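Beneath this line is the structure, given in structure tokens, with notes to follow.
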6 protein chains.
Amino acid sequence: MGLSNETRENLGRVSVATITTALFKRGLRNQFIQDVHPLHAGLPNMVGEAFTLRYIPAREVLNPIGVFKDRAHPQRKAIEECPPGAVMVIDSRKDARAASAGSILVARLMKRGCAGIVTDGGFRDSPDIARLAIPAYHQRPASPTNLTRHQALDINVPIGCGDAPVFPGDVIVGDAEGVVVVPAHLSEEIAAEALEMTAFEDFVTEEVLKGRSILGLYPATDPQSERDFAAWRKANGR
Amino acid sequence: MGLSNETRENLGRVSVATITTALFKRGLRNQFIQDVHPLHAGLPNMVGEAFTLRYIPAREVLNPIGVFKDRAHPQRKAIEECPPGAVMVIDSRKDARAASAGSILVARLMKRGCAGIVTDGGFRDSPDIARLAIPAYHQRPASPTNLTRHQALDINVPIGCGDAPVFPGDVIVGDAEGVVVVPAHLSEEIAAEALEMTAFEDFVTEEVLKGRSILGLYPATDPQSERDFAAWRKANGR
Amino acid sequence: MGLSNETRENLGRVSVATITTALFKRGLRNQFIQDVHPLHAGLPNMVGEAFTLRYIPAREVLNPIGVFKDRAHPQRKAIEECPPGAVMVIDSRKDARAASAGSILVARLMKRGCAGIVTDGGFRDSPDIARLAIPAYHQRPASPTNLTRHQALDINVPIGCGDAPVFPGDVIVGDAEGVVVVPAHLSEEIAAEALEMTAFEDFVTEEVLKGRSILGLYPATDPQSERDFAAWRKANGR
Amino acid sequence: MGLSNETRENLGRVSVATITTALFKRGLRNQFIQDVHPLHAGLPNMVGEAFTLRYIPAREVLNPIGVFKDRAHPQRKAIEECPPGAVMVIDSRKDARAASAGSILVARLMKRGCAGIVTDGGFRDSPDIARLAIPAYHQRPASPTNLTRHQALDINVPIGCGDAPVFPGDVIVGDAEGVVVVPAHLSEEIAAEALEMTAFEDFVTEEVLKGRSILGLYPATDPQSERDFAAWRKANGR
Amino acid sequence: MGLSNETRENLGRVSVATITTALFKRGLRNQFIQDVHPLHAGLPNMVGEAFTLRYIPAREVLNPIGVFKDRAHPQRKAIEECPPGAVMVIDSRKDARAASAGSILVARLMKRGCAGIVTDGGFRDSPDIARLAIPAYHQRPASPTNLTRHQALDINVPIGCGDAPVFPGDVIVGDAEGVVVVPAHLSEEIAAEALEMTAFEDFVTEEVLKGRSILGLYPATDPQSERDFAAWRKANGR
Amino acid sequence: MGLSNETRENLGRVSVATITTALFKRGLRNQFIQDVHPLHAGLPNMVGEAFTLRYIPAREVLNPIGVFKDRAHPQRKAIEECPPGAVMVIDSRKDARAASAGSILVARLMKRGCAGIVTDGGFRDSPDIARLAIPAYHQRPASPTNLTRHQALDINVPIGCGDAPVFPGDVIVGDAEGVVVVPAHLSEEIAAEALEMTAFEDFVTEEVLKGRSILGLYPATDPQSERDFAAWRKANGR
């Protein structure tokens, strides 16, 4: 079955921060990918199922420049196999001393209809990637070719990325702030709950910007806050 | 008594770098808050007396989502109590794996007339905070709710922030580069001295951009440099 | 002899990422300066021979504010002696807790016709430096005066910068992504090879953006790719 | 009421590792003080209620060598006030560049009957402390006087130590491996449960050393394992 | 075929340092497992083929204490399947905040005839492991149960350990200093070469301790050194 | 002139901790070499003038195994030139991923009468070095040959070591806890003062071990403490 269009749309309308709170309520404290940021902060939310790539440290004799002549090289294969709508997530062991991928591969992912790409290492050609219309997240730019430090090994196995666990099929959501991993079986309920929370947060933000105190409002422990929110929802059709 | 309007204005016209030099001359080498940057680099200097908030690592059983229903929760209380004109400074133990605060709380601070907010951790909703007209400084974005890692504990006690000591009432100054902590009793003289230094640096910059060597000019060991500076001050009314 | 105009121009047209691959093919895996970025990402490539400055940790009694009155102070001397066209590279031991230099010195370098400046620490007055028309690369802003942590010691000796070895006369290239160190004796051949590689990468990028698979194209293991590239070169005059 | 003798004795007979598992079962994942070790690994378990001391970064002008002439200086006061049987826990912000305390203060604690001392920084005079008959835990030796980096500020407030939250009155247990923080209200049940777990682990260890597989034994999913354990308990009087 | 008895014996007689030099001569610079040390430094060399276990960050809902009741849990399965004579190598992502394994599992490995165990994280029950007659290497003690941070996932796949690549079947050698990974196909020649190098190093050490200069001796650029070494070999039967 | 026998003897009788306090009183807060420890903690104090060696990151093509055939290679040359009685201090940029030196070189230093060796990286053959009767300090063992990461470059220039500045001729003192750098011109007065402080600390330790409070005793703000100390000195001939 997988990710429904409705869930995908809902996750496109909420923030990563709001999702982390919904996950926190379910005992999940470790689903935020630490220390990655978008190369282009102006794109819509990235939403898609995780398709993973695992790197290990490179052994020099196994990673000469010629390895890419092999069409079955896992890095290149992964780029051609990542399903449209999916997000490629790369386990680079948080090592940004060499690239996880470059602009040509990311452009190919974009053309194939993939939803985005995340590494806990770094991208090369990062200024070019920043101009592509596909969300890409990394730790910091890394010009050296991936062979310098990374050997691509496994496609679509469970991995760690930025200290978060990522299982193939988990739903990955990224916004201008960061990236969160939503376990597949929770994605629908998290999306719905986050949408509700977002309505409330938008209401609260409006009130606060009008000068109202957060006490009793956020959270809405004052019954008046609940009434005001109900009225706001009606007025705003949310 | 506290921070006079004149000192506040003077500190608004000088750079954090210049202030650190004035502090260095007095044996204070550790007043720069390390590794924080502004979310919005285009705002005027942040100047205000420190109002602090101290976090400790969160114990799970003490930090369920429900704690915010308590109006006396130190994080929410601090936001409502931080005096207008003051800068809230948060000791997050340099841990940006969870948020120190989010956009609703920062918006409330702004509406209450506070001068800014600094954490050595990270903010959530950082793209929203970046659009608010209040200076905010952090290490990096952190979407997860603060309860994930932080328990708010103390209001307005001496703290560490970014390896710098911060005492309530210290004068906090932030510019597009960073944040410095000026001990309260020195703020007036530091402000005056930094204003003088800034005049000289502006003069030197103009001269250098005209092609003059820094030798004898910066510092002004050549008597001609002193004369030229005197003339420049007269000409520029500074 | 040194760096020819042709090599300088060629290195101005290629990316740091491409250069690192050409170096990798020659067994050089460690020439990328780790964890520095440009203050102003919109400038043309920085290209020039390395002129180095070495800092050691500051001993307080040797580094009062008065040391700059000495015209022979190595930091100030280096700024006046760095040859036009050269890149000043500073070994700050990756310590950004105090400044490596500030805007006045960088402005002077610019006026003297130097090609750029790199530190593996941080600059102070970074917003001002970002407005100067000279490439400058650092780790993060650092307001405190360099005397707080750094003592300038040696001019134009071999150093480490961002974990890369830098010898005086090495050719330094920086782009919007980062900085690479090209050993002097290889600079001509690396420039030529990188220019060729860039032509091929531009061709591949165009093809990928038209929807072509990377398999057989990148690298060009399919003979058709070679033929298409030859035609593209003819058509584009490259 | 506080820590009973029975609970104290029970906690003296179990390992920190076993206690962390009992806490894990209750949702407490963050009670192990990270990256500290005993200076003398041959002592019995350290068990006692937490008495805390909080340091902030030192401001030079507030921390000349003369401050210790003040009998109310928090560091010296804490040493004289820590109750017999209690464990002093110091929040040094994981900074071991200067000492948290030295051998004279630790000797005084020992003579006053305190149960031990823990810092997430370092001790000076560490070879001398290692010869005292009081458990002491730190990150690494740190010779410089504490005034170099630390200002003692608060006595017996909640703190962080090695990324774990510590509240006054929590029960601190240390063995040859490390230190764990047991919330006061759980100490009795954790002690009892850990004692039971230890009996089972001792039985399993004996069986494994005789050559038995862990499958079905650890955990005891094979009913025979349960029966064997019951027999072992009877035979060993545990 | 695998590791011959002769190669195993030879690798038992040489140091990890000597092996790294033999690997360096073949362009392998990254085979030393960084930042691990033996719990018991007095054992003979650990030599065996790598049998690997891969951990990813734990997702709380997948890692309750009950998971070990499943006999197919990869951690427990790996302990029972690691071949006699093999070395278990665990990829713990250099995270020692929770245990990679404890004394019961290590004791079972020992009883099953395995040659040793290595993790780039930490062991719990480390004082007990230190008393077992099986080499075990880790970064630092880690009392919390592995479920706190680690989920065992894959058995015998290529991994990274301490920044080194480890493929199943690689030959792992550990001594009192550290652990090195020898690619399987090189193990015989590396063992033979390291044995020769060790003879020379033993000769040089004897000479140096008699007062001889290293110039001309180490390396033996003086022909007399070659002659003396030949005589030494004859005299010592090596 | 240099280091007198009396100063050398005095520095042999005091602790590194005591010396750091004497330096602190003179405004020197940064003379402790951070994060190094002795390989053999049972030796007398190491005392000698600094003779330095500077490493930069290795460039592969300049550092094949053959470089040591050059008798002028700075590493080997330094070992033969370090004066008897001096301490060799190596700037390894705090990088312990490859060795700074091994047992043969350290043995040669010992035979040449040098007083000790310190690196802020790591030694190879560390178990052998630990058995030599010469003090050696490092961060952690590092088996890979130095060529893997380090190129020896300069002999006897000012360096950084463990974040401390070291000038040739500075007096280096190491004990079982760590290493401190005493500026040459202060060595005599620091030695004398530290000897006095040590007498007082020994007196205080005795009193504390008899059960006396530190208040009024340490520091001796109670006049009785001064009188008792005077009596103790007379009784103990110190």
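Quick notes
- Search result, residues across region A:35-88 that are within 30 Å of E:Val182 (Cα to Cα), free of Cβ contacts under 8 Å to residues at least 40 places away in the same chain and either touching a Ser or Thr at 6+ places or on another chain (Cβ under 8 Å) or among the small types (Gly, Ala, Ser) (or both): A:Gly66, A:Lys69, A:Arg71, A:Ala72
- Members of region D:214-238 found to be among the aliphatic types (A, V, I, L, M) and not in a helix (DSSP H, G or I), listed by number: D:Ile214, D:Leu215, D:Leu217, D:Ala220
- Residue check for A:Glu206: surrounded by 15 or more Cβ atoms within 10 Å (Cβ to Cβ), at pLDDT 95 or above and either closer than 21 Å to B:Thr145 by Cα or acidic (Asp, Glu) (or both): no
- Residue list for region F:214-232, restricted to those being free of Cβ contacts under 8 Å to residues at least 12 places away in the same chain and touching a Phe, Trp or Tyr at 6+ places or on another chain (Cβ under 6 Å): F:Pro219
- One residue stands out among those in region F:209-225 that are crowded, with 18+ Cβ neighbours inside 10 Å and among the hydroxyl-bearing types (Ser, Thr, Tyr): the one that is farthest from D:Arg131 (Cα to Cα), which is F:Ser225.
- Hey, A:Arg59 among the basic types (Lys, Arg), modelled with pLDDT of 95 or more and within 17 Å of A:Asp35 (Cβ to Cβ) or not: no
- Residue check for D:Asp163: surrounded by fewer than 24 Cβ atoms within 10 Å (Cβ to Cβ) and acidic (Asp, Glu): yes
- Any chance F:Thr52 is hydroxyl-bearing (Ser, Thr, Tyr) and out of contact with any strand residue (DSSP E or B) (no Cβ under 8 Å at 6 or more places or on another chain): no
- Scanning region B:106-124 for residues that are within 23 Å of A:Thr21 (Cβ to Cβ) and among the small types (Gly, Ala, Ser) yields a total of 3.
- Consider region E:148-199 and keep the residues that are among the hydroxyl-bearing types (Ser, Thr, Tyr) and within 12 Å of E:Leu11 (Cβ to Cβ). The one that is nearest to the chain's Cα centre (by Cα) is E:Ser187.
- Exactly one residue among B:Ser92, B:Ser103 is of a type in the set (Gly, Ala, Ser), out of contact with any strand residue (DSSP E or B) (no Cβ under 7 Å at 6 or more places or on another chain) and under 22 Å from A:Phe32 (Cβ atoms), and that residue is B:Ser103.
- Residue in region B:121-141 that is of a type in the set (Gly, Ala, Ser) and closer than 15 Å to A:Val204 by Cα present: no
Yes or no, residue by residue, for (1) modelled with pLDDT of 95 or more; (2) farther than 15 Å from A:His138 by Cα:
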{"residue": "A:Leu23", "(1), (2)": "yes, yes"}
{"residue": "A:Arg26", "(1), (2)": "yes, yes"}
{"residue": "A:Asn30", "(1), (2)": "yes, yes"}
{"residue": "A:Ile33", "(1), (2)": "yes, no"}
{"residue": "A:Pro38", "(1), (2)": "yes, no"}
{"residue": "A:Val47", "(1), (2)": "yes, yes"}
{"residue": "A:Ile65", "(1), (2)": "no, yes"}
{"residue": "A:Lys69", "(1), (2)": "no, yes"}
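- Wholly within region B:1-98, helices (runs of 4 or more DSSP H) carrying at least 2 residues that are surrounded by fewer than 22 Cβ atoms within 10 Å (Cβ to Cβ), within 14 Å of chain C (Cβ to nearest Cβ) and of a type in the set (D, E, K, R): none
- Single match in A:Arg140, A:Arg29, A:Arg97 (criterion: more than 15 Å from the chain's Cα centre (by Cα) and more than 25 Å from C:Val36 (Cβ to Cβ)): A:Arg29
- Residue, surrounded by the most Cβ atoms within 10 Å (Cβ to Cβ), within region B:99-113, restricted to residues that are of a type in the set (Gly, Ala, Ser) and part of a loop (DSSP other than H, G, I, E, B): B:Gly102
The values are calculated or read from the model by the stated rules, or taken from the named source; none is laboratory data. Predicted model only: the values in this text are computed from it and were never measured. FYI the Cβ positions are ideal-geometry reconstructions off the backbone, even for glycines, and counts take in every protein chain you see.
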